[in-house]
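Note sheet for the following structure.
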Amino acid sequence: MKLSKSIYLFIAFIIISITSFAQQKMSILISNHTFSSGKPEVGTLHIVSTGNAAFKLKGKDAKKFILAGNKLSVKKEYIKPDVKWYDVTVEAKTGSSKAKESFRIVHDQFITNKVIAHRGAWKNTGAAENSIAALQHAIRLGCQGSEFDVHMTADSVPVINHDPTIQGLTIASSSSDQLGKLKLSSGENMPTLEAYIKAGLGQNNTKLVLEIKPTTSKERALQLTRKVVQTVKELKAQAWIDYISFDYNICLELNRLDPYARVAYLNGDKSPAALAANKLWGFDYHFNVFKKNEHWIDEAKQKGLTINAWTVNDEAMLKWFLSKDIDFITTNEPELLLKLVKD
């Protein structure tokens, strides 16, 4: 039977569409993005599609790595105290599909003193909350992490602010150009997510604790989540970023987009067992939740969840959480907590 030209064209369109879709869906993930002198193994490479892939390394730093199957390591002779990171491009091929991703593999010199500066170090420094200056102060102080909040503008640009409004403007219905012209209390412009993350990438000591704020609808929340993950990926910032959110759908979407992302839930209404069942990384609740459910601390440890309490400013309460040996404490008083962890 002879097929008409239109049918041939239709079949060709379907084949091209299927191939394009497969290529679009295929992306590369790595289970970890750090190395250290005691841990040259970085992690395992995976593709987001069916089947197994063959991987190759490219780029000027490729020779500094060992790739055995899908296991990536840094050669021990290249693990030096003054090296902050190496960049490597990974190519993957499975069947007729190909993908290429670039990663920044970071020397793990991140601080582990439990101190998370809430919206940066602002209260005792004169910086505005959620400003780049507040982030820089937290880094200079030597905090383990600096927390910040992300909303999305009407033109789909993630920006940094705690509240959904600022200076009379609603972020979700304002343009990034409008918001970018606003001056914070310290004279800075309101930062975009991209600018904020870039300001934190010159060092490998302080983590960036990225809170994705709930928004006007589930669809918009998922759109914001995808924008955030895309920005982190494009900036090769995965090693620096820990994610938190009050919106459980956002947490689950983060895990879907990157099963290796470090994601903690904030709202306080789920047990450690429920969080572990959904493969979340962290258990991150208000200090009053811990006081009412103290047994959850031991349960979270048994489940392998990281534990953070927020926002703890009272010295006696800070000492209580230190006595419980939780992983992180978020505070508006990072200077005080730094003093307590050193005493």
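The values are calculated or read from the model by the stated rules, or taken from the named source; none is laboratory data. What you see is a predicted model, and the numbers here were worked out from it, not measured in a lab. Every residue, glycine as well, gets a Cβ built from its backbone with ideal geometry; the counts of neighbours run over all protein chains shown. Please note that ligands, DNA and RNA were not included when accessible areas were found on the heavy atoms of the full protein model with its side chains. Shrake-Rupley method; radii C 1.70, N 1.55, O 1.52, S 1.80 Å.
All other residues whose Cβ lies under 12 angstrom from that of T125 are scored, Lys and Arg at +1 and Asp and Glu at -1, for a net of 0. For region 142-274, the fraction of 1.4 Å probe accessible surface lying on carbon and sulfur atoms is 49 percent. If you take the square roots of the eigenvalues of the alpha-carbon gyration tensor of region 213-286 and sort them as a ≥ b ≥ c, do you get rounded (a/c under 1.5), prolate (a/b over b/c) or oblate? Verdict is oblate for region 213-286. In the context of the full set of protein chains, residues of region 90-150 present 37 Å² of accessible surface per residue (probe radius 1.4 Å, heavy atoms only).
Relative contact order of the chain: 13 percent, from C-alpha pairs under 8 Å at least 6 residues apart in sequence. In terms of accessible area, using a 1.4 Å probe and ignoring ligands and nucleic acids, T170, T112, T34 rank largest first as T112, T170, T34. Summing Cβ point charges (Lys, Arg +1; Asp, Glu -1) relative to the Cα centre of region 189-249 gives a dipole of roughly 120 debye.
Magnitude of the charge dipole for the chain, about its Cα centre and with charges confined to Cβ atoms of Lys, Arg (+1) and Asp, Glu (-1), is about 1560 debye. Of the solvent-accessible surface of region 55-120, computed with a 1.4 Å probe and all protein chains present, 48% belongs to carbon and sulfur. Shape class of region 154-234 from the alpha-carbon gyration tensor: oblate, with a/c at 1.5 or above and b/c at least as large as a/b. Heavy atoms of the protein chains alone define the surface here; on that basis region 266-343 has 48 Å² accessible area per residue at 1.4 Å probe size. Evaluating 6.51 cos²θ - 1.76 cosθ + 1.60 at θ = phi - 60° for every residue in region 272-284, the Karplus couplings come out as x, 4, 5, 5, 5, 5, 8, 6, 6, 8, x, 10, 9 Hz, glycine and proline recorded as x. Positive-end ranking of Q230, G59, S102 along the dipole of the chain, with charges on Cβ about the Cα centre, is headed by G59. For K39, the accessible area of its heavy atoms, probed at 1.4 Å with every protein chain present, is near 80 square angstrom. Of the options [x] 184; [y] 136; [z] 124, only one is volume of the Cα convex hull per residue in Å³ as computed from these coordinates, and that is [x].
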